Amino acid sequence: MEFAPRMSRFKPSPSQIASARVRDLQAEGRTIIKLTAGEPDFPAPDHAKRAVLDLMERNDIQYTPINGTLAMRQAVQAKFKRDNDLDYALDQIAVGSGAKQVLFNTLMATVSAGDEVIIPGPYWASYPDMVKLAGGTPVFVSAGQNEKFKMRPSELAAAITPQTKWFMFCSPSNPTGAAYSWDELQALADVLLAHPHVHILTDDVYEHLIFDDHKFATLAQVEPRLYDRTVTCNSVSKAFSMTGFRVGYAGGPKDIIAKMSNMQSQSTAGVSALGQAAAVAALNGPQDLLAERAANLQRRRGILFEKLNAAKGLSCDLPDGAMYIFCSCAGAIGKRGPDGRVIETDTDFTMYLLDSVGVAVVQGVAYGLSPYFRASFVAPEEDLIRGGDLIQEACAALV
Ligand code: PLP
């Protein structure tokens, strides 16, 4: 088969290579502690599950409108108002199969060859591939640990060119957990106000996974003058632990939302009726579980943070949100393991952890910054403790 040239824009992701190695080791009978989870481990809310059963009992499971059921768009409208103080009319709301599809539709509907999309790094590994698939060019602006992984306004300003179509933004971030404060968002907004041709695509999926006294805010809320050129994207996946329901949504300018719908109408069409019923129940239902779950994750964050920071050659800061610690392994680079092999890259380091002590994490290069690794604290507490101890042992054995 001769494949379409667009397929050459994808590279196999380093995290897939690591997952394959985990599977091989498990097949050999090794026990692997996985600190790689990208989804919370809480159950979906009971009222969301009940809504699915009710729908099935009523046999009310037909095709749904491309832009979402009326109940879903009303629930999203109310959510944006309640949580983000954003007003969207019903025809300004898109509903897709997860935030991933909503982001994908936005880019596919708007990006052409020659368009640039600014992506602050470290970034979620899907963003660059989505931009490339749409025919655009990702422009990375990387912020290091010394900047708390947050881009400075001057760095954003320097990256903007006449070709910039979108600024694609995620806070709290995957993989670093960095969350921008209101004032930090305002400073970025001030730059964007000076460049009216740049549109803003915010990925707010980690909105409710936020810790300590950090407060979530989103760009269109902070700077209402950006509202007309911002697509605000979110989903029930991480907030309500409903990743498998596959429901995401966005609010934005009517013309962009309409084109996103056109895109979706010829691919997956309307989102599953079951998923949307569950999402409506979650968005309209009690919200107090969100803070309780964030507090639970915050406790687990503390366990992993202590363990990693006590390991020789590793250094990390407490993330503000999401569910990951992005940890430097600079102190392990150039060292030799007991088998004599030299650790040259963060990929070598993560493979060393996997092979020597059976702990899986993801190498920073997958997210555009080395030498780091991403460790998820969504794991049972005993795995965080044992996994952390094993990482310390492996680091101590490096010479
Ligand atoms: N955006 C970010 C930053 C993510 O980390 C993920 C999932 O890992 C998604 C979007 C996808 O979310 P959804 O399940 O709503 O498609």
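Taken over segment 200-218, the criterion of being open to solvent by less than 10 Å² (accessible area, probe 1.4 Å), of a type in the set (A, V, I, L, M, F, W, C) and not in a loop (DSSP other than H, G, I, E, B) is satisfied by ILE200, LEU201. Screening LYS254 against (1) more than 16 Å from the ligand (Cβ to nearest atom); (2) open to solvent by less than 10 Å² (accessible area, probe 1.4 Å); (3) within 24 Å of LEU219 (Cα to Cα) leaves a single unmet condition, (2). Taking residues in segment 195-215 that are under 17 Å from ALA109 (Cα atoms), and partners anywhere that are charged (D, E, K, R) and modelled with pLDDT of 95 or more, the pairs with Cβ atoms closer than 7 Å and at least 6 places apart or on different chains are HIS199/LYS165; HIS199/ARG229; ILE200/ARG229.
ALA366 meets all of the listed conditions (1) surrounded by 24 or more Cβ atoms within 10 Å (Cβ to Cβ); (2) among the small types (Gly, Ala, Ser); (3) modelled with pLDDT of 95 or more but one, namely (3). From GLY275, GLY244, GLY270, which residue is assigned to a helix (DSSP H, G or I) and open to solvent by 10 Å² or more (accessible area, probe 1.4 Å)? The conditions single out GLY244. Among the residues that make up segment 100-108, is at least one of them more than 13 Å from the ligand (Cβ to nearest atom) and either open to solvent by 10 Å² or more (accessible area, probe 1.4 Å) or polar (S, T, N, Q) (or both)? Within segment 100-108 (the criterion being more than 13 Å from the ligand (Cβ to nearest atom) and either open to solvent by 10 Å² or more (accessible area, probe 1.4 Å) or polar (S, T, N, Q) (or both)), the answer is yes, since at least one residue qualifies.
Restricting segment 109-127 to residues that are in a helix (DSSP H, G or I) and more than 13 Å from the ligand (Cβ to nearest atom) leaves a set whose member that is surrounded by the most Cβ atoms within 10 Å (Cβ to Cβ) is THR110.
The set of residues in segment 130-154 being away from the ligand (no atom under 16 Å from the Cβ), buried (at least 19 other Cβ atoms within 10 Å of the Cβ) and touching a residue at least 60 places away in the same chain (Cβ under 8 Å) consists of LYS132 alone.
For segment 300-340, the tally of residues that are over 20 Å from PHE216 (Cβ atoms), assigned to a strand (DSSP E or B) and open to solvent by less than 30 Å² (accessible area, probe 1.4 Å) stands at 2. Within segment 353-362, at least one residue is over 25 Å from PRO40 (Cβ atoms) and of a type in the set (Ser, Thr, Tyr). Of all the numbered requirements in (1) touching a residue at least 60 places away in the same chain (Cβ under 8 Å); (2) part of a helix (DSSP H, G or I); (3) of a type outside the set (D, E, K, R), LEU353 misses one, and that requirement is (1).
The requirement of being surrounded by 17 or more Cβ atoms within 10 Å (Cβ to Cβ), touching an Asp or Glu at 6+ places or on another chain (Cβ under 6 Å), aliphatic (A, V, I, L, M) and touching a residue at least 40 places away in the same chain (Cβ under 8 Å) is fulfilled nowhere in segment 155-162; no residue meets it.
The values are calculated or read from the model by the stated rules, or taken from the named source; none is laboratory data. This is a predicted model, so every value here is computed, not measured. So basically every Cβ, Gly included, is an ideal-geometry build from the backbone, and we count neighbours across all protein chains shown. The protein model used for the area step is the full one, side chains on, heavy atoms only, and it has no ligands, DNA or RNA in it. Shrake-Rupley method; radii C 1.70, N 1.55, O 1.52, S 1.80 Å.
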